[in-house]
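Below you'll find the structure, written out as structure tokens, and then a few comments.
The values are calculated or read from the model by the stated rules, or taken from the named source; none is laboratory data. Quick caveat, the model's predicted, so the values are computed rather than measured. Positions of Cβ are generated from backbone atoms using ideal geometry, with glycine treated the same way; all protein chains shown enter the neighbour counts. Only protein heavy atoms, including side chains, enter the accessible area calculation; ligands, DNA and RNA are left aside. Shrake-Rupley method; radii C 1.70, N 1.55, O 1.52, S 1.80 Å.
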Amino acid sequence: MKLQEMLNIKYPLIQGGMAHIATGKFAAAVSNSGGLGVIGSGGFTAKELRDEIETCLKLTDKPFGINILLLHREIEEISDIVCEYGIKILTTGAGNPGKYIDKWKAHNIKIFPVISSKALAIRMEKLGVDGVIAEGQEAGGHIGELGTIVLVNEVANSLSIPVIAAGGIASGKQLLAVEALGAVGAQIGTCLLPAIECPIHDDYKEKIINAKSSQVTVIGRINGLPVRLLKNEMTRKYIECEKNGAELQELEQMTLGALRRAVKDGDMINGSIMCGQVVGEVNLRRKLVDILDGIYSEYLNAKEKLCAKQN
Ligand SMILES: Cc1cc2nc3c(=O)[nH]c(=O)nc-3n(C[C@H](O)[C@H](O)[C@H](O)COP(=O)(O)O)c2cc1C
């Protein structure tokens, strides 16, 4: 089944549940533009998440989802809130949602865990989830080890449930490439950051628009929590400390609240300017509808051209 039919959306595009960015207002704007908007629980308390859901419900009558951060301090309450509000679609990250699946299924919720390995994808399928989001290490934010082209292929070859690709997708040709690997659609993050409706600080948007792919780096490999982001003073200091064998605590202190500093305060020096490798091709401030429609139209054109070449 097509992702559009499964989720009742226009384009096969899911917005990543980006902490501090994916507010109720932003998720509603994505859903109103034809994608699946997703509220990121990561940056909110349980009480704030309720407010974000209510905002989203007021602003759209289209389907939207919640990204459940399984490491959230208030995860038990959050796992109930989504049932209480009749949320129909969940994506999950940072852990194993196994404990909550029966409860969510009893509320007719579709569940799409974000995975970064074939082994985890197989475990998720056995738990009865509706699909998986296979996120390659090209992505912005916290990442796994495998690249999208390897991961999506492996996972799609091993599972019989739908696979959605994430990591490095910002164009129609990239969407077509992951379709060839077996994906039914894509989860996108980086290409939405410069959107007019995206609630990040203007300086963050400017950085994204002007950045080259070569300015992207990864920190945190040593402590097992790698994050992809733009190079700045914070990443330079972090990498220097990593090389000098700094204690975990010292490293954690440098990144604590750093995404929030970039998103809300526009701190481009000590903030964490998370984005994926595809940032070099994300150069325009546009409306969400133009970004989503642009990807999908290019995908249809590229597919037609490719088929014509092969015939
Ligand atoms: C700024 C930023 C913050 C992110 N925060 C989260 C998060 O809180 N939870 C999550 O599951 N994924 C998060 N992600 C990953 C996205 O949901 C999405 O999977 C990813 O951006 C897709 O790859 P792309 O960046 O190449 O488009 C984040 C990505 C970015 C760029």
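Here are some notes:
- Percent accessible area from carbon and sulfur atoms, the chain, protein chains only, probe 1.4 Å: 51 percent
- Rolling a 1.4 Å probe across the protein heavy atoms gives the chain an accessible surface of 46 Å² per residue.
- Restricting the range 61-145 to GluC sites (Glu not before Pro) that sit in a DSSP loop and have at most 12 other Cβ atoms within 10 Å of their own Cβ leaves GLU145.
- With K and R counted +1 and D and E -1, the other residues having a Cβ less than 12 Å from that of GLY189 yield a net charge of -1.
- Helix-only mean residue ellipticity at 222 nm for the chain, each DSSP H run of n ≥ 4 adding -39500 (n - 2.57), per residue, nearest 500: -13000 deg cm²/dmol
- Trypsin sites (Lys or Arg not before Pro) lying in DSSP loop within the range 170-244, provided at most 15 other Cβ fall within 10 Å: LYS212, ARG221, LYS231
- Gap separating the Cα centres of the range 81-124 and the range 1-44, nearest whole Å: 16 Å
- Once the convex hull of all Cα atoms in the range 212-274 is built, its volume per residue stands at 73 Å³.
- Subtracting the Cα-Cα distance of LYS309 and GLU206 from their residue separation scaled by 0.36 nm leaves 33.2 nm.
- Farthest positive-ward along the range 1-142 dipole, Cα basis, beta-carbon charges - from PHE44, PRO97, MET18: PRO97
- Shown here is the pair-distance distribution of the chain: with all Cα-Cα distances grouped in 10 Å bins from zero up to the longest one, the shares run 6, 28, 37, 23, 5, 0 percent.
- Using the Cα coordinates of the range 262-311, the gyration tensor eigenvalues translate into equivalent-ellipsoid semi-axes of 35, 13, 7 Å, sorted from longest to shortest.
- Most mobile of PHE44, PHE26, PHE112 in a GNM of the chain (Cα contacts under 10 Å): PHE44
- Neighbour-limited loop hits for GluC sites (Glu not before Pro), the range 188-259 (at most 11 other Cβ within 10 Å; DSSP other than H, G, I, E, B): GLU247
- With a threshold of 24 Å on the Cα-Cα distance, the over-threshold entries among LYS264/LYS287; LYS10/LYS47; LYS62/LYS126 are LYS10/LYS47; LYS62/LYS126.
- Residues considered: LYS25, LYS264, LYS103. Largest GNM mean-square fluctuation over the chain, using C-alpha springs under 10 Å, is found at LYS103.
- Note, ³J(HN,Hα) from phi for the range 183-194, Karplus 6.51, -1.76, 1.60, rounded to Hz, x at Gly and Pro: 7, 9, x, 9, 9, 10, x, 3, 6, 8, 4, x
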